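What follows draws every value from the coordinates through simple rules; no lab data is involved. As the structure is a prediction and not an experimental result, all values here were calculated from the model. Note that each Cβ is placed from the backbone with ideal geometry, even for glycine, and that neighbours are counted across all protein chains shown.
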Amino acid sequence: MEAGTLSGRYQTGERLGSGGMSNVYKATDLILERTVAVKILAEHLSDDERFIERFRREALAVAKLIHPNIVQVYDTGVDEGRHYIVMEYVEGRSGAQILQRQGPVGPEIAAEIGIQGCAGLDYAHRRGIIHRDVKPGNLMVFGGPVGGGEMTVKLTDFGIARAIEQTRITQVGSVVGTAAYLAPEQVRGDEATPATDVYALGVVLYQFLTGRLPYEGSSLAELAVRQQNEKPLPPTTYNDEVPETLGAAVLRALEGDPNRRYASADELAAGLRMGLQGEDVTLPLQDGGTAATNVLGEDTAATRHLDRTTAQTEYRPAHSQTRRPEPRVAPPPPVASSGPPATPSRSAFSRFVRFVLAFVALVLVAAAVAAAVIVTTDKAAGVKVSKVAGDTVDKVVDEVKELVERNTE
């Protein structure tokens, strides 16, 4: 497109970038007298009325996102069939341009890009907007390694991916976005969530640290198979300047299972800070591949934000390795019973009772035998002995009872 004016207000100039969905131009707002960026949608999108309606609705929602790490949307309109959006102009380079021109960046710079990107994503997520197309080309970086001074990172292109997702422009079986940055659940066609954007930003950070993608495939199908069956190599494999703990934080963002991934951009930012400082953010698992907190039935990373004091212990073994000391007691004497050990006094009493019962039984038998002999003898002599025998047995029983009672006091 040649230089011209859109809606009598935006004077377009040099082209800043182009893609399959749009072309971006540097422009001047003639009313507010400021430099802006104008994105003009491709003709094949402009011809779809349903897309245009959804795009306008998304643009209005994104225009409400006012955050230092998000490119501000100022206006949207149509001029002679050309649909456009007017955005904040950022004097810098995209992440894609940085990677193309200089390759990997230092760990500190990569972590800072990730932390600022997380801030923008978290702000949008809390307002119900998911980016869906996070990739180096949608991260604008100015200052720092680009222009000197303090580095600022801004996310751009919110809303377009969602608008396309819901129109006939997307062919059956295809997925919006660059395939390499799609989370496994996006490839399956599941609904996008904040964890989806976390995964995509994890891919971007892996690139910034290593200069390559964690998974590479010639087609979406091949990419999906590799995501399902392979684990990305640690960033230190390709760049030994990357702290292992920082690499571990990035790998956690790349977990294929959303429940094992950082659940929010805010959690990823915390993990990057800790990893950069050498703190362990590894995700330990129990045998069988289940996070330990699931075994405990406690909150998981998918439902709780990490802070600097809890992130290291967020995933802990299901059983504590330390136990309270128990009071020492003398070992109980061995008993014949298979039941629980008895205390010494109770065990002695049990033995005594058994002895007494046996003794009583013996006495009773002896008494019965003696009585029978006496009766037989006295019958011959004509003497009544029933009362004598009864008194003898009762006396023995009473004495045994008395003995038992004395020993149980």
Using amide H atoms built in the peptide plane, which far-off residues or other-chain residues are under 5 Å from L16 H to H?
V24, Y25, K26
Which peptide among 38-47, 11-20 comes first, and what is the full order, when sorted by highest mean count of other Cβ atoms within 10 Å?
38-47, 11-20
Linear extension gain, E108 paired with E33, 0.36 nm per residue minus alpha-carbon span:
23.3 nm
Which of the peptides 193-202, 257-266 is most tightly packed, and how do the rest follow, going by the mean number of other Cβ atoms within 10 Å of each residue?
193-202, 257-266
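Once you have the Cα-Cα distance between Y238 and D257, take 0.36 nm times their residue separation minus that, and quote the gain in nm to one decimal.
Result for the pair: 4.4 nm of gain on full extension.
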Output ³J(HN,Hα) for region 6-16: one whole-Hz value per residue in order, computed from phi by the Karplus curve 6.51 cos²θ - 1.76 cosθ + 1.60 with θ = phi - 60°, and x for Gly and Pro.
9, 6, x, 10, 9, 8, 7, x, 5, 7, 9
For region 230-244, Karplus couplings with θ = phi - 60° (6.51, -1.76, 1.60), whole Hz, Gly/Pro x
10, 10, x, 5, x, x, 5, 4, 9, 9, 6, 7, 7, x, 4
Residue separation times 0.36 nm, minus the C-alpha to C-alpha distance between H67 and D190: what's the value?
41.5 nm
Residues H125, H131 in order from fewest to most other beta-carbon atoms within 10 Å are H125, H131
All Cα pairs of region 5-88, percent lying beyond 21 Å:
26 percent
Tell me the GluC sites (Glu not before Pro) within region 194-251 that lie in a loop according to DSSP and have at most 12 other beta-carbon atoms within 10 Å.
E216, E230, E241
Taking a virtual spin label 7 Å from the Cα of T178 along the C-beta vector, which residues in region 107-145 bring their backbone nitrogen under 12 Å of it?
133-140
